[in-house]
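A.B. asks: To start, I am sharing the structure in question, which I have written as structure tokens.
Nothing in this text is a laboratory measurement; each read-out follows from the coordinates by a stated rule. The structure presented is a predicted model; accordingly, all values stated were derived computationally and were not measured. Cβ atoms come from the backbone with ideal geometry, glycine included; neighbour counts cover every protein chain shown.
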Amino acid sequence: MALTDNRYILDWVNAQIDLCRPSKVLWIDGSKAQLDELRQQGFATGELIELNQELLPGCVYHRSDPSDVARVEARTFICCEKQEDAGPTNNWMAPAEMRAKLKDIYAGCMDGRTMYVIPYAMGAVGSPFAKYGIELTDSIYVTVSMAIMTRVGTEVCAAMGDAADFVKGLHSNAQLDPERRYIAHFPQDNEICSVNSGYGGNALLGKKCFALRIASCLGRDEGWLAEHMLILGVQNPAGEVRYVCGAFPSACGKTNLAMLIPPEAYREKGWKCWCVGDDIAWLRPGPDGRLWAVNPENGFFGVAPGTSEKTNPNALASTMKDSIFTNVVLKPDGTVWWEGMDKNPPRGALNWKGEPWDPDSGVPGAHPNSRFTAPAKNCPCISPEFDNPQGVPISAIVFGGRRARTAPLVYQSRNWQHGVFVGSIMASEKTAAAEGKVGEVRRDPMAMLPFCGYHMADYWQHWLDMEQRITNPPVICNVNWFRTDEQGKFLWPGFGDNLRVIEWVLKRAFGEVDAVDSEIGYLPRPEDINLEGCGVDMETLRGLLSVDKTLWRQETAGIREFYAKFGEKLPAALKAELDELERRLG
Ligand code: GTP
Ligand code: SPV
Ligand code: MN
């Protein structure tokens with residue numbers, strides 16, 4: 001039975017039923033009983049596998065199709081009326097053409113299946129920042145995942161009332177045919193159509209599709225920012241909590257930084273960290289002129305490999321109940337394993353494809369982009385402000401990526417405009433979170449390259465324009481945890497020790513520490529980074545903070561080439577910042 005009498009919702013849902021012709025329609029009310037029942041059905045169809053309920057209560061396992069293991073950027077489209085509004089970094093197709101294609105693919109695609117109707121909220125229900133959506137899907141996996149990643153059900157319908165402004169999302173696994181896979185966005189209609197993929201960011205439409213691609217367009221029109229950012233609260237020994245947002249490309253450390261545990265020397269003094277969000281932040285100027293952030297999600301869709309008791313115990317603890325594991329190793333005792341969890345790979349286990357796996361084979365058992373889906377409330381360090389409808393005030397923004405050589409451990413931009421420049425020139429070595437060759441350097445402005453729902457140069461202009469609305473702006477820095485030595489070994493311990501860098505960043509935000517000017521921005525004086533108990537010597541730190549002018553001159557050439565893509569639309573302010581950087585480098 002429908003959970004609403006909202007005409008706009010019912011008319012749209014009915015039209016999709018006519019198109020997809022499901023055999024059954026089930027509205028998701030968000031109740032535990034209904035979700036339990038769905039999991040049981042998932043076990044029966046094999047879509048889900050029950051895990052050891054004593055060791056992992058409420059947890060299930062899922063394998064995606066081996067051809068369907070990451071976001072597919074080549075099949076992701078922005079379908080606005082004019083191609084120039086999508087810009088040179090997005091795939092574009094005319095809305096009418098895409099709709100015609102999709103109509104054929106969706107026609108009858110749910111025959112013999114159930115259509116699940118999921119009313120969901122991005123942000124705390126009732127918050128002035130919250131936005132609402134309906135996802136239609138024929139996947140139980142997607143449905144139970146959405147129930148973790150977002151707030152779903154009856155209370156969402158109540159909050160939507162009879163309003164017309166909800167985001168429409170139609171998802172079908174269809175045949176999981178990679179040739180007919182489309183992740184299509186229609187910003188002018190607040191609509192998302194996803195078909196032939198059942199994987200994460202392609203299929204959980206609240207996440208990248210809505211909360212970034214569609215929301216970035218809403219933010220442009222309404223005067224706010226939808227960003228690919230974690231939100232971290234840092235509590236100092238005086239008990240004061242300061243908040244930082246961080247934009248790193250996929251698989252570059254957002255979840256890890258968001259759940260950071262302070263190094264022992266810090267914990268002893270009383271430092272604590274709080275996780276507000278690990279992937280997406282919606283940022284708005286508050287009446288006090290500061291930038292305020294909410295995390296629109298309700299769970300974590302985190303990279304499994306490398307997550308361990310040592311690197312990220314909070315993430316691991318978050319997955320101990322009511323979670324979903326996708327494409328990891330399935331152990332004979334009904335628990336899970338992945339590379340980097342510990343040094344004891346299991347024997348007699350099944351790999352991510354469901355085949356018997358020999359840990360000595362040299363082939364990884366878990367897919368490198370295997371993931372856990374865990375409720376935010378499970379996280380031991382979840383912020384008391386997590387559900388605060390007003391969000392949290394942001395003192396600093398850090399941009400970052402994986403750079404073996406160029407970017408120093410940290411540097412601060414000179415002002416907002418220079419900070420926007422620093423974000424726009426972000427680059428990172430490619431990881432497994434998207435399809436493509438791992439290792440090559442790609443420019444990824446603000447970590448938004450695959451997620452900006454409109455022309456990237458207009459997006460930069462929007463960032464620049466935001467300065468007018470933020471009278472008390474956060475500082476903007478760039479960080480790089482991934483500098484390596486000649487042998488390719490990381491020079492910085494990373495993880496919890498990143499707090500040493502964040503402490504400096506936050507001190508800069510409050511004018512509590514000096515810095516040295518350099519060609520690229522303000523650098524820390526080495527003695528201002530607290531190295532107590534971290535095993536890094538001054539010499540190494542100096543190296544980490546060094547700026548190699550030859551490399552940076554090559555870098556500016558690369559930036560110029562990248563900027564050239566944007567032609568006339570490139571904001572003059574960014575062009576001026578690049579000129580200034582080149583001038584300083586000599
Ligand atoms: P998405 O969920 O795809 O957006 O990724 P993410 O940005 O949340 O990245 P995540 O925190 O899951 O980390 C991805 C990988 O980077 C894991 O293998 C981590 O172990 C590794 N990593 C994270 N932080 C650090 C760090 O400070 N230093 C080093 N060397 N590796 C790190
Ligand atoms: C990312 O790739 O940035 C992710 C995973 O967080 S996905 O949801 O697939 O986008
Ligand atoms: Mn993450």
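A.B. asks: Please go through the range 196-272 and write out the GluC sites (Glu not before Pro) that DSSP classes as loop and that have at most 12 other C-beta atoms within 10 Å. Could the numbers behind the result be given before it?
C.D. replies: On the way: sites: Glu222, Glu227, Glu240, Glu264, Glu268; in loops: Glu240.
The qualifying sites are Glu240.
A.B. asks: Okay, moving on. What are the lysines whose alpha-carbon lies under 16 Å from the alpha-carbon of Lys208, with same-chain residues fewer than 8 places away excluded?
C.D. replies: Cross-link targets: Lys131, Lys168, Lys254.
A.B. asks: Another question about this same structure. List every residue whose amide H lies under 5 Å from the amide H of Thr76, counting only residues 5 or more places away in sequence or on a different chain, with H placed 1.01 Å from N in the peptide plane.
C.D. replies: When sequence neighbours closer than 5 places are left aside, the close amide H contacts are Ile183.
A.B. asks: Right, here's the next one. Anything over 27 Å Cα to Cα? Flag those among Lys101/Lys569; Lys103/Lys430; Lys321/Lys353, in the order listed.
C.D. replies: Lys101/Lys569; Lys103/Lys430
A.B. asks: Specify the angular offset, from 0 to 90 degrees and rounded to the nearest 10, of the alpha carbon long axis of helix 456-466 from the longest principal axis of the alpha carbons in the chain.
C.D. replies: 70 degrees
A.B. asks: Okay, next question. Using a simple charge model, +1 on the beta-carbon of Lys and Arg, -1 on the beta-carbon of Asp and Glu, nothing else, what dipole does the range 250-315 show about its Cα centre, in debye to the nearest 20?
C.D. replies: Value, rounded to 20: 160 debye.
A.B. asks: Related question: Just to confirm the number: angle between the C-alpha axis of helix 549-564 and the first principal axis of the chain, 0 to 90 degrees, nearest 10?
C.D. replies: On a 0 to 90 degree scale, this one is about 40.
A.B. asks: Here's another thing I want to ask about it. Quick one: helix 95-106 against the long Cα principal axis of the chain, what's the angle to the nearest 10°, folded into 0 to 90?
C.D. replies: Roughly 50 degrees between the two axes.
A.B. asks: Do any GluC sites (Glu not before Pro) in the range 93-191 lie in a loop, going by DSSP, with at most 15 other beta-carbon atoms within 10 Å of their beta carbon, and if so which?
C.D. replies: Here no loop site has a sparse enough neighbourhood.
A.B. asks: Okay, next question. Name the aspartates and glutamates eligible as straight-distance cross-link partners of Lys343: C-alpha to C-alpha under 13 Å, and not fewer than 8 places from it in the same chain.
C.D. replies: Excluding near neighbours in sequence, the set is Glu309, Asp360.
A.B. asks: In terms of modelled amide H atoms, which long-range or inter-chain residues lie less than 5 Å from the amide H of Arg113?
C.D. replies: Ser23, Lys24
A.B. asks: Another one. Please list 3J(HN,Hα) in residue order for the range 65-80, calculated via the Karplus relation 6.51 cos²θ - 1.76 cosθ + 1.60 where θ = phi - 60°; whole Hz, with x for glycine and proline.
C.D. replies: Each residue's phi maps through the Karplus curve to give 4, x, 8, 9, 10, 7, 4, 10, 5, 5, 9, 9, 10, 9, 10, 8 Hz.
A.B. asks: Something else: More than 36 angstrom separation, counting every C-alpha pair in the chain; what % is that?
C.D. replies: Percentage above 36 Å: 33.
A.B. asks: Related question: Given H placed 1.01 Å from N in the peptide plane, which residues other than close sequence neighbours of Ser383 have an amide H under 5 Å from its amide H?
C.D. replies: Residues meeting the amide H criterion: Cys275, Val276.
A.B. asks: May I pose another question? Tell me, what ³J(HN,Hα) does each residue in the range 365-378 have, in order and in whole Hz, if you take phi through Karplus 6.51 cos²θ - 1.76 cosθ + 1.60 with θ = phi - 60° and put x for Gly and Pro?
C.D. replies: x, 9, 5, x, 9, 5, 9, 10, 10, 10, x, 4, 5, 6
A.B. asks: When only Cα pairs under 8 Å and 6 or more residues apart are kept, what is the percent relative contact order across the range 35-74?
C.D. replies: Over the range 35-74, the number comes to 25 percent.
A.B. asks: Let me ask something else about it. Counting only the backbone N, which residues of the range 67-102 are under 14 Å from the spot 7 Å out from the Cα of Ala15 toward its beta-carbon?
C.D. replies: Flagged as within label range: 96, 99-100.
A.B. asks: What ³J(HN,Hα) values, in whole Hz, does the Karplus curve 6.51 cos²θ - 1.76 cosθ + 1.60 give for the range 120-129 when θ = phi - 60°, with x put for Gly and Pro?
C.D. replies: 9, 10, 9, x, 4, 4, x, 5, x, 8
A.B. asks: Counting other C-beta atoms within 10 Å, and keeping those with at most 13, which DSSP coil GluC sites (Glu not before Pro) do you find in the range 292-339?
C.D. replies: Glu309
A.B. asks: Identify all aspartates and glutamates with a Cα-Cα distance to Lys269 below 17 Å; exclude those on the same chain that are fewer than 8 residues away in sequence.
C.D. replies: Glu240, Asp497, Glu503, Glu532
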